[in-house]
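Notes for the one structure printed next.
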């Protein structure tokens, strides 16, 4: 039987905001550790970018990222690489 619900890690978009202002951002990532990554199937990362938000999802087993953007824009894709690199450092 397949799982009805999948375990996932959620990273608040406030993480990047607090970090950019050199404020305490650890509260947004303290739940991320090797065990939580191993037990999860997805990483869910909303990104607020210039009054618009996009959603990044990573399927951890497949190591595949997907970006959901209701207003596709090349500028939105530019931040994708920065965020994905930062997430890999966290995990």
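Computed from the coordinates by the stated procedures, all read-outs in this text should not be read as laboratory data. Fair warning: this is a prediction, and the values are worked out from it, not measured in the lab. So basically every Cβ, Gly included, is an ideal-geometry build from the backbone, and we count neighbours across all protein chains shown.
A few comments on the model shown:
- Sequence-separation-based contact order of the chain, relative, with Cα cut under 8 Å and 6+ spacing, percent: 24 percent
- In the chain, helical runs assigned H by DSSP with n ≥ 4 each contribute -39500 (n - 2.57); averaged across all residues and rounded to the nearest 500, the mean residue ellipticity at 222 nm is -9500 deg cm²/dmol.
- Likely footprinting exposure, 18, 5, fewest C-beta neighbours within 10 Å first: 5, 18
- Once divided by 2.2 N^0.38 Å, the Cα radius of gyration of the chain becomes 1.12.
- Fewest-first sequence of 38, 4 by Cβ atoms within 10 Å of each Cβ: 4, 38
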